[in-house]
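The values are calculated or read from the model by the stated rules, or taken from the named source; none is laboratory data. Quick caveat, the model's predicted, so the values are computed rather than measured. Cβ sites come from the backbone with ideal geometry, for glycine too, and all protein chains shown count toward neighbours. Side chains are part of the model used for accessible areas, which takes the heavy atoms of the whole protein and leaves out ligands, DNA and RNA. Shrake-Rupley method; radii C 1.70, N 1.55, O 1.52, S 1.80 Å.
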Amino acid sequence: GVGPARYAPFAVGVGLAMLVGGRLAGLLYRPELLWRAPFEALRTVGFVSWGGYAGLFAAAVLGARWLGLPAPIVLDRLLLPALLCSAIGRFGCLSYGCCGGRPWAHGITWHHPDARIVRELGREASVPRVPTQLLSSGLALGLALILMLLTTRPLPPGALTAFGVLVYGLGRASVESTREEARYGRFCLTRGQLASLGLAALGLVATLGLPDALGSWPVPA
């Protein structure tokens, strides 16, 4: 029900917010390079999906008033296409040799010197690895299909977003376990797993706190 005069700038703003968020997260993901060689860090290609999702949520919340709609409704409309975009975008990670997993005998090997994993880790990194990019793509696509089915039910505003965040956080934590990254704490979790579980916790709280405005959402004990 939003006219083109308001919808078009909002759509462009969402895209720019995701682009800027992904780029900022990419810079912050390597703070040592940003501190040691800031110009080199700015010239190095790098986008992080967490920043893209943060930009999406920020644009939805800030743009809701511009659209004249409640923020939960806007988020419900944006999360589904965002997951579809993520499912497609992961093939860019795959071709670029970014976000690869730990060594695995049946995995994919990157040999090109411009592939990120070869450029940053050297030729010795050209070994078969778990295709985490394809796992991430499958997670996003599968969750998008589930949310499509849920749109046929009379759910309260924000239900799709809350449930989607919960499931994505849990699934992403599983995918992140295949990454070759530093691990922290007693449970040896990576940064990606910590972020994923934090996101799942937020999704769980949001799901349990949804109002039963339409009489179709179970009230938690």
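Tabulated data
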item	result
Residue list for region 1-36, restricted to those being in contact with a Ser or Thr (Cβ under 9 Å, 6 or more places away or on another chain), outside any helix (DSSP H, G or I) and either open to solvent by less than 40 Å² (accessible area, probe 1.4 Å) or of a type in the set (S, T, Y) (or both)	none
Near pairs, Cβ below 8 angstrom, 6+ apart or cross-chain, from region 180-201 (surrounded by fewer than 18 Cβ atoms within 10 Å (Cβ to Cβ)) to any residue that is assigned to a helix (DSSP H, G or I) and of a type in the set (K, R)	E181/R191; A182/R191; Y184/R191
Residue count for region 149-178, restricted to those that are open to solvent by 40 Å² or more (accessible area, probe 1.4 Å), within 18 Å of the chain's Cα centre (by Cα), over 22 Å from A64 (Cα atoms) and touching a residue at least 40 places away in the same chain (Cβ under 8 Å)	0
Matching residues, region 63-88, being within 19 Å of the chain's Cα centre (by Cα) and open to solvent by 40 Å² or more (accessible area, probe 1.4 Å)	P72, R77, P81, L84, C85, I88
Answer residue from region 79-117, given it is assigned to a helix (DSSP H, G or I) and in contact with a Ser or Thr (Cβ under 6 Å, 6 or more places away or on another chain) and is nearest to T132 (Cα to Cα) among those	R90
Residue, nearest to the chain's Cα centre (by Cα), within region 37-49, restricted to residues that are under 20 Å from C99 (Cβ atoms), of a type in the set (A, V, I, L, M, F, W, C) and open to solvent by less than 60 Å² (accessible area, probe 1.4 Å)	V48
Index of the failed condition, L135 passing every other in (1) free of Cβ contacts under 8 Å to residues at least 24 places away in the same chain; (2) in a helix (DSSP H, G or I); (3) of a type in the set (A, V, I, L, M, F, W, C)	(1)
